[in-house]
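Worksheet: the structure to be examined is printed underneath.
The values are calculated or read from the model by the stated rules, or taken from the named source; none is laboratory data. A quick note: this is a predicted structure, and the numbers were derived from the prediction, not measured. Note that each Cβ is placed from the backbone with ideal geometry, even for glycine, and that neighbours are counted across all protein chains shown. Please note that ligands, DNA and RNA were not included when accessible areas were found on the heavy atoms of the full protein model with its side chains. Shrake-Rupley method; radii C 1.70, N 1.55, O 1.52, S 1.80 Å.
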Amino acid sequence: MKGINRARTGMAGLVATFTVLALAACGGGSDTSGDAGDGGSEDSGSSSELIRVGFSQLGAESGWRTANTESVKESLSEEAGFDLTFVDAQQKQENQIKALRDFIAQDVDVIAFSPVIETGWDEVLQEIKDSGIPVVLVDRTVDTTVEDPFVTWIGADFTQEGTTAGEWVKENAPDAKIFELQGTLGSGAQVDREEGFGEVVGDQIIGKASGNFTRAEGKTAVEAALQAYPDMTMIFTHNDDMGLGAIEAIEAAGKVPGEDIQIVSVDGVRDGLQALVDKKFNYVVECNPVFGDQLAELIQQVYDGEDVPKETIVIDEAFDQTITQADVDARAY
């Protein structure tokens, strides 16, 4: 089989090794390819010709994550030349670590994963490095002491997303009293969006709390914030799902979302943009989840031993209330 030749611990004899260029980076059970229809099964006659990929998705906490998962599965299909083993970690780091170790045991060709949080990966990343399997990080990044732990990263510029949101607030609501509805604490998206937004309008933020990127927890956090910060006039939410939960809490309190309390969000999923059309959101910075085709291309290049960029930034847009219903209906996610 063409591609990466890796030295395995415990293998006898002389093995030729190929070292992949490792470069620093800048959203329940598992579905095997045979079970989920994501690729060829182990006993497929053509499985030896496919690139065997282990992918650990952090969960299904939001509409964004669901769209990202669908894009990855569609692109890493058997028809495209991949044998995909997909694992949903249900937003638990321990589940992801187990999945990564399973991928090592399965001797896959490439490991890709979207880490739940940034820290706590040192041991398993060292194990993967020792196995010789190249790693592609997807969407989120890691903070690790392991040297050259992954080959490349693909995702959005979370810091720029926060900055873009902050710049809109600075121009359109310079006197707003802002409650920041944060994502999963310690995740790359939470850390970077908070940083980017805070650098622009940090002096306007009167309170913060995590909604863990889910609609239900976003609603709960805003219910508490309405009591703690009765003078707030804006919510900056790290994703659309939490913002949709915020709408429920605001309306239950007898206030008008988008007017009494403005909402600035990040994601750009269909439900979030619908809220923008309905004038309940005021501004949405896109975080495009549909980049499975780009991921597939990167994995192919890594497998073939080609040099790859240290990072691939997915291009995002931003939307205000001039967006139309036709725009929303035309969205792929």
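Figures for the structure shown
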| quantity | calculated |
| --- | --- |
| Computed lengthening from GLN301 to ASP329, 0.36 nm per intervening residue step minus Cα-Cα distance | 6.6 nm |
| Stokes-Einstein D in µm²/s, Kirkwood radius over Cα pairs - the chain at 25 °C with 0.890 mPa s viscosity | 119 |
| Sites GLU251 and ASP271 - FRET efficiency at Förster radius 22 Å, r taken between beta-carbons, to 0.05 | 0.90 |
| Accessible carbon and sulfur surface of region 266-318 relative to its total accessible area, %, 1.4 Å | 44 |
| For region 278-333 versus region 243-273, the gap between their alpha-carbon centres in whole angstrom | 22 |
| Å² per residue, accessible surface of region 214-306 at 1.4 Å | 35 |
| For peptides 189-197, 129-137, sequence by mean Cβ density within 10 Å, most packed first | 189-197, 129-137 |
| Highest to lowest packing among 70-78, 171-179, 50-58, scored as the average C-beta count within 10 Å | 50-58, 70-78, 171-179 |
| Cα-projected label distance for LEU185 with GLU259, points at 7 Å along beta-carbon direction, nm | 3.6 |
| Share antiparallel - DSSP beta bridges, the chain, percent rounded to 5 | 10 |
| Packing-based ranking, highest mean first, of 114-120, 274-280 given that Cβ atoms within 10 Å are counted | 114-120, 274-280 |
| Carbon/sulfur fraction of accessible area - region 59-128, other protein chains in place, 1.4 Å, % | 45 |
| Per residue solvent-accessible surface (Å²) - region 111-168, probe of 1.4 Å | 30 |
